[in-house]
Every structure is written in structure tokens, then in C-alpha cells.
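Step one of this worksheet: look at the structure below.
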Amino acid sequence: MRIISTTDLAHRLRPVIARLARRMRQEAGGDLTPTQTAALATISLHGPLTPSELATREKIQRPTATRVLALLEERGLIERTADPADRRSSLVSSSGQGEALLADVRERKDAFLAERLDRLSDEDLAALDRAAEILERVLAE
């Protein structure tokens, strides 16, 4: 028998995770939208990518990916090269400026979260460490 139903736990976790994600986005600062930041991070992690591959990975429509890429390119955060497999398409990769921006965003988010975690007991930190492992497993499925 479970101590708590999975539905009740999901009901409790959902708003907490959403609020934490929103606060971390706010702490990141900058003037990129969450979609633009996510696209840049995906390009950094998995690039170079075609615009279609980015759309698939980000679960956005191809026209949305095209608009996001145009803005990121205009700001110098990505670079385009011809796709050697298909000259009609391009490959996008993050630029040095894009990588620097991502590093800054991550640093601000980590600092925000670390400041809050510093206030917790060793027991609570151990519990959150275990919870992080579990949530990583849930997301990998």
C-alpha cells in the first residue's frame, strides 16, 4: 500500500515545480524569452542542428523554430553553415557569444538556488539530492 497516491503527489509537486521553474527564469534575467533560451541551450547541447531537428527536439512548429533562429542569429548567439548533407538546409550552432550568455544564465540560476539551499539542514539537502536523482529518472523515461 502506498503512503500517498501518485495523483495526490502529482497534484502537490506540479505547482511547486512550476513556481520554481518560473522563479529561476526570472532570476536568469536577460531579454530572451524562455523559448529562445531553451532553443539556444538545445543548440549548445546537441548542435549543430538543422532547423527541423531543433523544432523536433524543442517540440515546436517549424515556423516557430525559424523565427527563434532568426532572432538568435540577429543577436549573434548562433551561427549558420550550409548543411553538407542537404545544401537547401542549414546547420545552426551556438556562437561564442551564445555560449557566454548561457553560462551567465546558468550561473545566475545556480546562485539563486544555492542561496536558498544554503538555508537548509543537512537532512533536507540529502533528501533533495535523492529527489533530484528520482526526478532525473522520471524525466528520462
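The values are calculated or read from the model by the stated rules, or taken from the named source; none is laboratory data. Fair warning: this is a prediction, and the values are worked out from it, not measured in the lab. We place every Cβ from the backbone using ideal geometry, glycine too, and count neighbours over all the protein chains shown.
Summary table
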quantity	calculated
Check on L125, of a type in the set (A, V, I, L, M, F, W, C), crowded, with 17+ Cβ neighbours inside 10 Å and either within 14 Å of the chain's Cα centre (by Cα) or at pLDDT 95 or above (or both)	no
Qualifying residue in the range 100-122 (condition: surrounded by 14 or more Cβ atoms within 10 Å (Cβ to Cβ) and among the acidic types (D, E))	no
Failed condition for E58, given (1) touching a residue at least 12 places away in the same chain (Cβ under 8 Å); (2) of a type in the set (D, E); (3) farther than 26 Å from L20 by Cβ	(3)
